[in-house]
1. Pull up all non-local amide H partners of Ser51: gap of 5 or more, or a different chain, and H-to-H distance under 5 Å with H placed in the peptide plane.
2. Going by how many other Cβ atoms sit within 10 Å of their own, how do Lys64, Lys71, Lys91 line up, fewest first?
3. If I model a spin label as a point 7 Å beyond the Cα along the Cα-Cβ vector, how far apart are those points for Tyr74 and Ala98 in nm?
4. Please compute the alpha carbon radius of gyration of segment 2-114, then divide it by the globular-protein estimate 2.2 N^0.38 Å. Two decimals is fine.
5. Work out from phi, with θ = phi - 60° and the Karplus expression 6.51 cos²θ - 1.76 cosθ + 1.60, the ³J(HN,Hα) of each residue of segment 83-98, listed in order in whole Hz, and give x for Gly and Pro.
6. Check Asp32: other-chain or 5+ apart residues with amide H under 5 Å from its amide H, H built from backbone geometry?
7. Through the Karplus equation 6.51 cos²θ - 1.76 cosθ + 1.60, θ set to phi - 60°, convert the phi angles of segment 49-57 into ³J(HN,Hα) values in whole Hz; use x for Gly and Pro.
8. Checking the cross-link filter: which aspartates and glutamates have an alpha carbon closer than 18 Å to that of Lys64, excluding same-chain neighbours under 8 positions apart?
Amino acid sequence: MQAHSSQVILLASRSELMLFTIDGVHLIAFQDHQRPITSIWVDPHRVITSSLDLSLHVYVWNKKNTFPVLKSCYHLLGGSLRWASGFTHVKSDSMSIAGVEARSNGTSILRSDCYKVQLS
């Protein structure tokens, strides 16, 4: 569970990401992952989820409404599930995304992507 400002709450349940108002009104749900969500990164501009399906999904905040609402933007694939068991953590800053990929042999590697999202 994550909060964004004092107006909305993000919840991940299995492979679904849900956005609620602080009063419990369901605003939107996303089913962009095939396997459970393992981590959520939230900042003032975007939300990033990691999953055991070996992908990261990026959403941006649309703050033009009464409540901030998410817009699904793009999906980043991590590689082969033959060698990995999925992403376990995700972090981000204004320039990059870093995800921890759990390997099938019990080790982990760090994957990173640089991106540019035009914010309005």
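1. Thr38, Phe87
2. Lys64, Lys71, Lys91
3. With each label placed 7 Å out from Cα toward Cβ, I get 2.1 nm.
4. Rg over 2.2 N^0.38 Å, computed on Cα atoms: 1.07.
5. Working through the residues one at a time gives 9, 10, 10, x, 7, 10, 9, 9, 9, 8, 9, 6, 10, 8, 10, 10 Hz.
6. Amide H to amide H, under 5 Å and 5 or more residues apart or across chains, Asp32 pairs with Leu17.
7. 10, 10, 8, 6, 7, 6, 9, 10, 10
8. Output for Lys64: Asp43.
Values quoted throughout were computed directly from the atomic coordinates according to the rules given, and no laboratory measurement underlies them. None of these values were measured; they are calculated from a predicted model. Virtual Cβ from ideal backbone geometry, glycine too; neighbours counted across all protein chains shown.
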